[in-house]
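Everything on this sheet refers to the single structure shown next.
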């Protein structure tokens, strides 16, 4: 297979959206965490919560900014590379994305201003309210995006008129049962990402023996939240699997690398799927477990890929492996959260350097789980863009040339690498500096629309010590 | 419904052109600044506002997709490479605001990114409008041209023209927001930029008349439409007077008025076509079910909020911006 505009467009979309999803999944979680901290601060009056809040607000600013910048590209890419999709599904997808822009922007931008400037100008309860509104804005954004993507996975509430998708029932689109499984799955994934990043930061400070009081709170809160949320997340993951089993049997068979019908079905734990021979090489499988996972039964019949026409098969290896990586990350994080919480409960965590190191190194895992989860969902949806209705090959821009698509892929890769490298560098600087005992002065140049400028004030005024608290 | 969304789209595009226009213009003039103090003051004059300005581009983009999907898909696929370069320019100049203050040694990179990114973004926008006026090959709601069909001397002329126009807006903004040396040099930049813009506008209008007889017909049938060019001419006179008397607040609004007049002239020349003489507003509009769903939520509730929000942030940052306020 040569480099076609189709393949290049898919690579470009995969690259830009994978890059983008890192930032919102983090900022959704951290926005919720900030709300929680502010509520604690109001309830207890302890200034340590305020310190941690100010610290994570700065991190939030940088990540939020990178998310906004990389998100703008997404708003245009549907038209540049997928013009047939944009033209035919615009009456549904364009509308959903416009709601995302309008509602998320209105909430995030307005109340983020209060977060930056408002501490001394508004009442404490209103400041808390503003924090909650920013958190709501980031979650609403995810909500519309998940409705949009779920419509591509399981399209509902539409009719095809003259080759375009016409919405016939908005309630069916928005209250699609699939949305209400996948949206919580994504939302909890974001909360867990935030939780593990916070816990990892706490563990890092404890290992370096700095900011001990703040670090203990970060570590404990992160792990406790994760210990509660991880099982819930695994449950919603299971429900997500159920919808795939029900609505997208080919994707399900690809994820399980199940080539032929089986009754009862076995579960391939690991192996190397080989589409040429429709078998798995070096497979380790457990009998009956496949039926148990798919249908909660010991003798159900599970369908295999060979039941379907070859041209409807997704690539098998990517969903198969990325799903297993996601589950492995999930299980590892569950164990970490439970063991860590237990040790913390017994007051033994702070001295257990192994656990601290493990917690510190856990922070990439939620990101990996989110990315591989999306790979499973999106690659598994192939060869369709709108499942069962519009093929990816028909969605691509007809006039796009290999040359133009190559240029754009290279430009995006270069620009993103460039800004990501600098962004990471500044985040590292912020994290190293830590929650030092001074407050962010309202930066004179900062505005709600310029979230990264929070960092300016912090780096530009290094020697001003203010007493935290009211 | 269609009319409502075309108005929302027009407001979003106009606001984008006027607001991001001045900060892209300041970005281009930034490339001509002589010393670090000047550069810092110029950045300070737009730093609090540029991101909000750019939001209107995204708003226009998503309204176009939701309400006029055919136009969205044709425009973006026809202008694949210009859009790519515009986005890359906007990203680089955007992060330059945040990153240049954090480094001494590598500051030149971000200075170049700021000026260069602004120039590329402005040029690509002008080029796009020029190529649109010239006409795109479209069949059955799809773009059928090649990857460089947009490239023509006329389109390049329009690219240069918009760079001049944005720079003029930028110079007027600097006059309004700055003091001292910056303001004086901006005053000196206004006359040549104005003449350049004027020559360009006359050329474009002449070209549109010569190329599309339909346009000429429309203007002859409705002579009262000449009120738009007349407004532009009047604004030019006031602009000259404002510059002569050094009234800091006047030039920006006059140039904004010239832009408004040019925008109106262009829109009326091609009404009811969204893509000249190929796709009309009605042909491009999404089904009623889509437009109505947008209207009853984001249309009547959120859109006014966005306008109020923009007005409030301009109010907060009114008056002269001190150089020290941006580090």
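The values are calculated or read from the model by the stated rules, or taken from the named source; none is laboratory data. Since we're looking at a predicted model, the values are computed, not measured. Backbone-built Cβ (ideal geometry, glycine too); neighbour counts: all protein chains shown.
Residues in segment B:1-18 that are within 15 Å of residue B:298 (Cβ to Cβ) and buried (at least 19 other Cβ atoms within 10 Å of the Cβ): B:5, B:8, B:9, B:12.
If you go through segment A:105-129 and keep only what is at the interface with chain B (Cβ under 10 Å from one of its Cβ atoms) and either surrounded by fewer than 23 Cβ atoms within 10 Å (Cβ to Cβ) or without any contact (Cβ under 8 Å) to a residue 40 or more places away in the chain (or both), you end up with A:105, A:106, A:107, A:110, A:113, A:117. Evaluation of residue A:109 against the conditions (1) modelled with pLDDT under 90; (2) within 28 Å of residue A:202 (Cα to Cα) shows that the sole unmet condition is (2). When B:255, B:237 are checked against the criterion of being under 26 Å from residue B:60 (Cα atoms) and away from chain A (no Cβ under 14 Å), a single residue qualifies: B:255.
Among the residues of segment A:239-287, count how many are outside any loop (DSSP other than H, G, I, E, B) and either on the phi < 0 side of the Ramachandran plot or touching a helix residue (DSSP H, G or I) at 6+ places or on another chain (Cβ under 9 Å) (or both). Break it down stepwise before answering.
Keep residues of segment A:239-287 that are outside any loop (DSSP other than H, G, I, E, B), which gives A:239-247, A:249-255, A:262, A:267-274, A:279-286.
Then drop every residue that is not either on the phi < 0 side of the Ramachandran plot or touching a helix residue (DSSP H, G or I) at 6+ places or on another chain (Cβ under 9 Å) (or both), which leaves A:239-247, A:249-255, A:262, A:267-274, A:279-281, A:283-286.
Of the residues in that region, 32 qualify.
Which residue out of A:159, A:172 is assigned to a helix (DSSP H, G or I), touching a strand residue (DSSP E or B) at 6+ places or on another chain (Cβ under 9 Å) and either surrounded by fewer than 20 Cβ atoms within 10 Å (Cβ to Cβ) or within 13 Å of chain B (Cβ to nearest Cβ) (or both)?
Values: A:159 fails: assigned to a helix (DSSP H, G or I).
Result: A:172 is the single residue among A:159, A:172 that is assigned to a helix (DSSP H, G or I), touching a strand residue (DSSP E or B) at 6+ places or on another chain (Cβ under 9 Å) and either surrounded by fewer than 20 Cβ atoms within 10 Å (Cβ to Cβ) or within 13 Å of chain B (Cβ to nearest Cβ) (or both).
Given the criteria part of a helix (DSSP H, G or I), within 17 Å of residue A:219 (Cβ to Cβ), without any contact (Cβ under 8 Å) to a residue 60 or more places away in the chain and out of contact with any strand residue (DSSP E or B) (no Cβ under 6 Å at 6 or more places or on another chain), does residue A:292 qualify? Lay out the reasoning, then the answer.
Values: part of a helix (DSSP H, G or I): yes; within 17 Å of residue A:219 (Cβ to Cβ): no; without any contact (Cβ under 8 Å) to a residue 60 or more places away in the chain: yes; out of contact with any strand residue (DSSP E or B) (no Cβ under 6 Å at 6 or more places or on another chain): yes.
No, not satisfied.
Matching residues to (1) more than 13 Å from chain A (Cβ to nearest Cβ); (2) on the phi > 0 side of the Ramachandran plot; (3) out of contact with any strand residue (DSSP E or B) (no Cβ under 7 Å at 6 or more places or on another chain); (4) not in a helix (DSSP H, G or I):
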residue: B:261; (1), (2), (3), (4): yes, no, yes, no
residue: B:266; (1), (2), (3), (4): yes, no, yes, no
residue: B:269; (1), (2), (3), (4): yes, no, yes, no
residue: B:282; (1), (2), (3), (4): yes, no, yes, no
residue: B:290; (1), (2), (3), (4): no, no, no, no
residue: B:295; (1), (2), (3), (4): no, no, yes, no
residue: B:304; (1), (2), (3), (4): no, no, yes, no
residue: B:311; (1), (2), (3), (4): no, no, yes, no
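Checked against (1) in contact (Cβ under 8 Å) with a residue 12 or more places away in the chain; (2) within 14 Å of another protein chain (Cβ to nearest Cβ); (3) under 21 Å from the mean Cα position of the chain (by Cα), residue A:421 meets all criteria but (1).
Given the conditions (1) surrounded by 16 or more Cβ atoms within 10 Å (Cβ to Cβ); (2) part of a loop (DSSP other than H, G, I, E, B), report the number of the one that residue B:239 does not fulfil. Unmet for residue B:239, out of (1) surrounded by 16 or more Cβ atoms within 10 Å (Cβ to Cβ); (2) part of a loop (DSSP other than H, G, I, E, B): (2).
Give me a count of the residues in segment B:86-99 that are more than 8 Å from chain A (Cβ to nearest Cβ) and either modelled with pLDDT under 80 or closer than 22 Å to residue A:78 by Cβ (or both).
Let us first name the residues in segment B:86-99 that are more than 8 Å from chain A (Cβ to nearest Cβ), namely B:86, B:89, B:93, B:96.
Filter once more, so that each one left must be either modelled with pLDDT under 80 or closer than 22 Å to residue A:78 by Cβ (or both): B:86, B:89.
Residues in segment B:86-99 being more than 8 Å from chain A (Cβ to nearest Cβ) and either modelled with pLDDT under 80 or closer than 22 Å to residue A:78 by Cβ (or both): 2 in total.
For segment B:200-236, a residue qualifies if it is touching a residue at least 60 places away in the same chain (Cβ under 8 Å), part of a helix (DSSP H, G or I) and more than 18 Å from residue B:167 (Cβ to Cβ), and the qualifying residues are B:205, B:207, B:208, B:211, B:214.
Determine whether segment B:20-28 contains at least one residue that is surrounded by fewer than 22 Cβ atoms within 10 Å (Cβ to Cβ), under 13 Å from residue B:170 (Cβ atoms), away from chain A (no Cβ under 12 Å) and within 18 Å of the chain's Cα centre (by Cα).
Restricting attention to segment B:20-28, the residues satisfying the condition of being surrounded by fewer than 22 Cβ atoms within 10 Å (Cβ to Cβ) are none.
Scanning segment B:20-28 turns up no residue that is surrounded by fewer than 22 Cβ atoms within 10 Å (Cβ to Cβ), under 13 Å from residue B:170 (Cβ atoms), away from chain A (no Cβ under 12 Å) and within 18 Å of the chain's Cα centre (by Cα).
For every residue, the table says whether it meets (1) within 23 Å of the chain's Cα centre (by Cα); (2) more than 7 Å from chain B (Cβ to nearest Cβ); (3) over 14 Å from residue B:61 (Cβ atoms).
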position	(1), (2), (3)
A:69	yes, no, yes
A:85	no, yes, yes
A:91	no, no, yes
A:95	yes, no, no
A:100	yes, yes, no
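Restricting attention to segment B:55-74, and to residues there that are out of contact with any strand residue (DSSP E or B) (no Cβ under 6 Å at 6 or more places or on another chain) and either more than 7 Å from every other protein chain (Cβ to nearest Cβ) or not in a helix (DSSP H, G or I) (or both), which single residue is surrounded by the most Cβ atoms within 10 Å (Cβ to Cβ)? By that ranking, first place goes to B:67. Scanning segment B:91-114 for residues that are in contact (Cβ under 8 Å) with a residue 60 or more places away in the chain and buried (at least 22 other Cβ atoms within 10 Å of the Cβ) gives B:93, B:114. A residue that is under 31 Å from the mean Cα position of the chain (by Cα) and outside any helix (DSSP H, G or I) can be found somewhere in segment A:303-311.
In the set B:133, B:175, B:129, B:120, which member is assigned to a helix (DSSP H, G or I) and more than 21 Å from residue B:28 (Cβ to Cβ)? Spell out the reasoning first.
Values: B:175 fails: more than 21 Å from residue B:28 (Cβ to Cβ); B:129 fails: more than 21 Å from residue B:28 (Cβ to Cβ); B:120 fails: more than 21 Å from residue B:28 (Cβ to Cβ).
From the options B:133, B:175, B:129, B:120, the qualifying one is B:133.
Against the numbered list (1) within 30 Å of residue A:413 (Cβ to Cβ); (2) surrounded by 22 or more Cβ atoms within 10 Å (Cβ to Cβ), residue B:45 comes up short only at (1). Residue B:150 meets the conditions (1) part of a helix (DSSP H, G or I); (2) more than 8 Å from chain A (Cβ to nearest Cβ) in every case but one. The failed one is (1). Checked against (1) modelled with pLDDT of 90 or more; (2) out of contact with any helix residue (DSSP H, G or I) (no Cβ under 7 Å at 6 or more places or on another chain); (3) within 24 Å of residue A:182 (Cβ to Cβ), residue A:309 meets all criteria but (3).
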